[in-house]
Each structure stands twice: as C-alpha cells, then as structure tokens.
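Data first, discussion second: the structure below is written as structure tokens.
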Amino acid sequence: MPVRSRAVPQPTESTDGSRRKIRLLSFNIQAGTSTARYHQYVTHSWRQVLPHTKRVTNLDDIAALVAPFDMIALQEVDSGSLRSGFINQSRYLATQSGMPFWCHQSNRKVGTVAYAGNGFLSRFQPDAVEEHRLPGVIPGRGTLLVRYGEGSSGLDIAIVHLALGKRARLQQLRFLARELDSGRRLVVMGDFNTQADAGPVSEFLATLALQAPTNGLPTYPSWQPQRAIDHILVSKNLKAGTAQVLNVTHSDHCPITVEIELPDDLLLSEPARPVLSVEVGRA
C-alpha cells in the first residue's frame, strides 16, 4: 500500500525539456477552515459563517502546499460570501500559488453567509470548461469539467463533490457515467463521500474504464484519517504512478495526490498571460 507522505513532489520533465509527467492533487478545503479535532466542529462552528484572519493564513498555507503541483481539484471552495470576506477562494489560491489558470463552479448558496463550489487550478490552459448540475433531493452539487485537446487524444478532468446519502450518490454517479465521455482520456477527482470499492463507484469505474490508484488511502478526518473517501480516478489507458495522502490539517480532509504520464499525442500548453479565469454557475 502506498505510504502517507508529507513530501511535496516536483514537476517532472523529459530529457528534451517537455513535460511528460504531471502531478495531480485533490483537496476538500472546507472553505479554508482548519480542523484538528472533532470538537472543533462545535467550538469553531462560527468560522463557517463569519470571516476571520486565521482563514486567510490557512489559505496561504494551502496555496504554498499546492504550488508545486500541475492540476489541482478543489471542493468546498467559497465563491465569495460573508465567511470568506467576499473572496473567491479559487481566484485567491491561484494568485497566491502562482497558478496561471483557474476556474470555479458556484453551487450551494446560503444567503450571503456561505457560497460553496468546486475549483480547479492548472499550469495549462484548457480548450473548454463546462459545468454539469448533479441530480439529488437537495440541490446544490455539481461537476466542473475541464477539457484539453480534441477527440480521442484529448484529456478531460472532472471535479466532483458527491452527496452524503447513498441514493443521491448513486444517482449522481450514474448521471456522470452518461455525461462523461468514455472515448476520451479521463480523470475524475474529488470528494466522493464513499470508498472507491463501494458498489456504485465500482460500477462507475467499469462503465468508464477507470482505475482507482487512490483506493484504500484514508483522507478523513485529517487529524486521524480512517475513511478513504477522496479519490483521483484515472482512465486505464493512462499510466498512473503511486498515490499519496499528504498529512496536513488545513481542512477536515487531507489532500490526495497521484502522478500520471502523458501520452505522446497529448500536448498541454501554458497560458500566455499570468492568470486566466473562467467562472460558471454563479447566481
């Protein structure tokens, strides 16, 4: 089984200087709130509705953590509400980490107090960004789909945060199995709220010909990880390296990482400008 690690890997280049291996990271950041014990869900609950200076410090720590990676999927990212000081946290993390591209999908809004969504940071400029609203009894979950290249030689990155309930989660996975393109290389990253070997996820993997290098690696709770609910799923036609969990308490989840090797026919280009952005789903 892969070891848990504090080490942050560095980008890898081939002998001709082109990037053939990239590092992926997925992280549920809990709107930038650090958690180190169960009782802090109660004692620190005010941090979920009010701004505080420690949130900014924690976001800076997260930015430093993700800076060496190439593609970063974020869940529970505040879109800009009272609790975040009306800061879009995807934008903030992209700026602080020096990531040249970011996009953000706003999902669940609770008045002006909280506004959660999915975020994506990347060294590479995509060809398209899409959003998909996920089914469920309680609305407010979605998938951010970032697309690189065209046709079967392209790469799709889907960022998800699935429901807590089993029935809604099953609906969402079956919806995604229909919506995502199995004819393209695919990476699905996020908080699945269940293990990768659970029945619905196994069905999802089989339908889209995905592998689960992160299966069995516990990420929650961050201070004593016991549940393997955060995953990076990768097409079987992509070569995936060893997955790792980073031991940090910047959130109630730990981030999870994996390296993939890019096929020769897949070329990724870096943006010409320092920071490009796409924001979708905002009410």
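Straight-distance candidates among the aspartates and glutamates for linking to Lys54, with alpha-carbon spacing under 20 Å and chain neighbours fewer than 8 residues away dropped: Glu76, Asp78, Asp252. Per residue, the accessible area of the range 214-274 comes to 42 Å², computed with a 1.4 Å probe over protein heavy atoms only.
Restricting the GluC sites (Glu not before Pro) of the range 200-278 to loop positions (DSSP other than H, G, I, E, B) with no more than 14 neighbouring Cβ atoms within 10 Å leaves nothing. Which chymotrypsin sites (Phe, Trp or Tyr not before Pro) from the range 190-283 combine a DSSP loop assignment with at most 16 other Cβ atoms within 10 Å? In loop regions of the range 190-283 (DSSP not H, G, I, E or B), the sparsely surrounded chymotrypsin sites (Phe, Trp or Tyr not before Pro) are Trp223.
Among the trypsin sites (Lys or Arg not before Pro) in the range 176-283, which ones are in a DSSP loop with at most 14 other Cβ atoms within 10 Å of the Cβ? Mind listing them?
Sites meeting the loop and neighbour criteria: Lys236, Arg282.
The values are calculated or read from the model by the stated rules, or taken from the named source; none is laboratory data. As the structure is a computational prediction, the values presented were derived from the model and not from experiment. Virtual Cβ from ideal backbone geometry, glycine too; neighbours counted across all protein chains shown. Please note that ligands, DNA and RNA were not included when accessible areas were found on the heavy atoms of the full protein model with its side chains. Shrake-Rupley method; radii C 1.70, N 1.55, O 1.52, S 1.80 Å.
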